[in-house]
Amino acid sequence: MDIISLRAVSKSYPSADTRLQVLREVDLDVEEGEFAVVAGPSGSGKSTLLNLMGALDHPDSGAVRIDGVDLAGRSDRALANLRNEKLGFVFQSFHLIPVLTAVENVAWPLFLKGVERRRRVARSRELLTRVGLAEHMHRTPGRLSGGQRQRVAIARALACEPKILLADEPTGNLDRKTALEIMDLFASLNRDGRVTFVFSTHDPTVVSYAGRRLSLAEGKVDDEPLGVTRHEDSAHA
Amino acid sequence: MPDLVFLSLRNIFRNARRTTITVFSIVVGFAAMACFGGFIEFSFEGLRENTIRTQLGHLQIYAEGYWEKRVSDLESVLITGPEEVEERIAELPGVATVTHRLTFSGLGTAGNATVNMSVVGVDLEGEQEFSDFEILVDGRPLDPGDPEGGLIGEELRNGLGARVGDWVTVLTSSFDGVINAVDFRVAGVVRSASREYDSVFAKVPIELAQRARETDKVERIIVLLEDTGDLPELLPRIEEILAGFDRKFEIRRWDELAGFYEAVVALYTGLFRVFAGIVGVVVMFSVANTMTMAVFERTAEIGALRAIGARRSTLIAMFLFEGLGVGLIGSGLGVAASWLLAAAVEAVGGIPMPPPPGMTQGFQAYFNLTGAVLLSAFAVTMVATLVSSVYPAFAASRIRIVEALQPS
Ligand SMILES: Nc1ncnc2c1ncn2[C@@H]1O[C@H](COP(=O)(O)OP(=O)(O)OP(=O)(O)O)[C@@H](O)[C@H]1O
Ligand SMILES: [Mg+2]
């Protein structure tokens, strides 16, 4: 089954005199477990597309379905619960909560979900260990490097065991070596579970991790399978 | 939601400087309200005790119908043989004195001057307690061994042009309608809290008043307690005692009789409200400013929280908790600051105050920080902080997620 499904989705923004049409009647399906990249020049609408998939924004027209649920007309509460339980987000500028330690940051989505305290802490420790941050659990984001922050963000995105992980230029603020480490981590997480990954990037090396490329141009998506290009971790070590 | 509280607390201390300024403004506002309230409370207490102990007592007991007939047919509502009632009430623990009075008004003359007088006939034995709050400015107090002696108010002395030892003649009418005159010798001159009272007031032995009105009855029984605070507890017991008699009585509490006290309380309470309103507005601006800046600065974070599943209501709660936290911290420190100020005033022996309008004497003011005063300062502070957090919290919940998350 398609975990993400867009039908005739259009999105525009108000601009100086007319409207800026960013997406034009986009049809798109993402299967469960896929590792897809959204590529395209700056301003082509990558973030716009990911935001629609993540129930962070509404399309002007068309339908967005996440795990079979049509997002149109859902209440704020329903959408918040959907984001909390089915989706995980990783952002270019991390967006961690600066006053909370790594372990508290990771535990937050679990708190919002209503998970009991002890289980939240256990789960976030486990996740931080998995992303290689066992040593730094009690540091606040200000005392972590960019790569470490992004690992915390990834752990946070995975906290509620989402079906989909959306990452908008997750390596955009990282140096090359760290960027590849983060992509290796994504790739291994994608292999481990059945989490569907959709991320956006400018970086061709990062694109090469994906199993499918969705190229955005002129408001349309050009769909291109990338064959067996799934990288082994060692390839970039 | 302990974790939301936890996050809110962390956020409060995030911008320490800004929070300090806001908390400081709350502390100043709180302390100003509490000290002003404490000052008013202190003044109320002084006025209350003065009114009770010089004039009214805590309770006055009359024969049934007194208030309807005291002008048209006073004689029919006088009390005969008050002693048996007084003895029973005096047995109650907490009752300081029970006495009786008969008042009348008349024209007083000493030498050439003639003035209106309000003469209180008192039982000299039972009246000792009442003189505590009167200040004798000349002569000596009433003496049971001197059935002809009387006290007059300081202003009345000036009106009459009389001196200690002079005779004053009071012209009045008996209950039978016969014009009657009695004389007393000025034994002493007193000053009570109220100038108005002092300008008409004379106090004489009750026998003298009874002679003037040609009666052996009394007008009212007056009960003075040891502690004003005991009144609510003792009142029903006194009512019970009165109910045990065949004749019927009416009771008035001091506060039902003290129109002046009520007026002063109303005035000062009004002043306090205006003041608290001003402080509340200042606190509201200060908190609103802080909260609005906090929301503005944390836009991206708000977007991230929403993306990981926070509902609008979660954000509203988070920012309201922050406002609540700032209010509670400010109030807590405000209580401490008020106590320190009150202690400082205590240490320097009070703030010297001029005589209030209509009063005869200045006084040393203290801050009487009662629970009620602190509670009202707390209520104003908390309402102000919460009200001014509502809009920023609501605004935070309405931020569009995608705009919040856009890299700035
Ligand atoms: N909230 C908005 N209001 C107005 N215009 C917007 C808004 N968000 C995006 N745009 C415009 O829509 C277009 C697509 O934006 P989008 O952020 O989706 O592009 P992108 O492919 O993610 O670009 P980048 O690679 O720079 O992140 C851009 O021209 C952008 O200026
Ligand atoms: Mg973008």
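The values are calculated or read from the model by the stated rules, or taken from the named source; none is laboratory data. Note that the structure is a prediction, hence the values are computed from the model and not measured. Ideal geometry is used to build each Cβ from the backbone, glycine not excepted, and the neighbour counts take in all protein chains shown. Side chains included, ligands, DNA and RNA excluded: accessible areas come from the protein's heavy atoms. Shrake-Rupley method; radii C 1.70, N 1.55, O 1.52, S 1.80 Å.
Of note:
- Which numbered condition A:Leu180 misses (of (1) out of contact with any Ser or Thr (no Cβ under 6 Å at 6 or more places or on another chain); (2) open to solvent by less than 10 Å² (accessible area, probe 1.4 Å); (3) of a type in the set (A, V, I, L, M, F, W, C)): (2)
- Among the candidates B:Ser194, B:Ser199, residue that is buried (at least 16 other Cβ atoms within 10 Å of the Cβ) and free of Cβ contacts under 8 Å to residues at least 60 places away in the same chain: B:Ser199
- Verdict on B:Ala276 being in a loop (DSSP other than H, G, I, E, B) and assigned by TED's automatic domain parsing to the domain that holds B:Gly46: no
- Some residue of the range B:208-224 being more than 24 Å from B:Tyr66 (Cβ to Cβ) and of a type outside the set (Phe, Trp, Tyr): no
- Of the strands (runs of 3 or more DSSP E) lying entirely inside the range A:18-106, those containing at least 1 residues that are away from chain B (no Cβ under 12 Å) and within 16 Å of ligand 2 (Cβ to nearest atom) span A:19-31, A:35-39.
- Helices (runs of 4 or more DSSP H) contained in the range A:144-232 and holding at least 3 residues within 14 Å of another protein chain (Cβ to nearest Cβ): A:146-158
- The range B:179-244 holds helices (runs of 4 or more DSSP H) entirely within its bounds, and those carrying 2 or more residues that are in contact with a Lys or Arg (Cβ under 8 Å, 6 or more places away or on another chain) map to B:206-213, B:231-243.
- The listed residue being within 22 Å of A:Pro204 (Cα to Cα) and open to solvent by less than 10 Å² (accessible area, probe 1.4 Å), out of A:Val106, A:Val30, A:Val26: A:Val30
- None of B:Arg88, B:Arg10 is out of contact with any Lys or Arg (no Cβ under 6 Å at 6 or more places or on another chain), within 14 Å of chain A (Cβ to nearest Cβ), of a type in the set (Lys, Arg) and part of a helix (DSSP H, G or I) except B:Arg10.
- Scanning the range B:105-137 for residues being closer than 30 Å to B:Glu226 by Cβ, in contact with a Gly (Cβ under 9 Å, 6 or more places away or on another chain) and modelled with pLDDT of 90 or more gives a total of 2.
- Considering the conditions (1) hydrophobic (A, V, I, L, M, F, W, C); (2) over 18 Å from the mean Cα position of the chain (by Cα); (3) within 9 Å of ligand 1 (Cβ to nearest atom), A:Val26 is excluded by exactly one of them, (3).
- Restricting the range B:138-156 to residues that are at pLDDT 85 or above and small (Gly, Ala, Ser), the residue that is farthest from B:Arg195 (Cα to Cα) is B:Gly149.
- Residue in the range A:135-153 that is nearest to A:Leu165 (Cα to Cα), counting only those that are charged (D, E, K, R) and open to solvent by 60 Å² or more (accessible area, probe 1.4 Å): A:Arg149
- Annotation: of all residues in the range A:184-227 being within 16 Å of ligand 2 (Cβ to nearest atom), among the hydrophobic types (A, V, I, L, M, F, W, C) and out of contact with any strand residue (DSSP E or B) (no Cβ under 6 Å at 6 or more places or on another chain), the one that is most open to solvent (accessible area, probe 1.4 Å) is A:Ala217.
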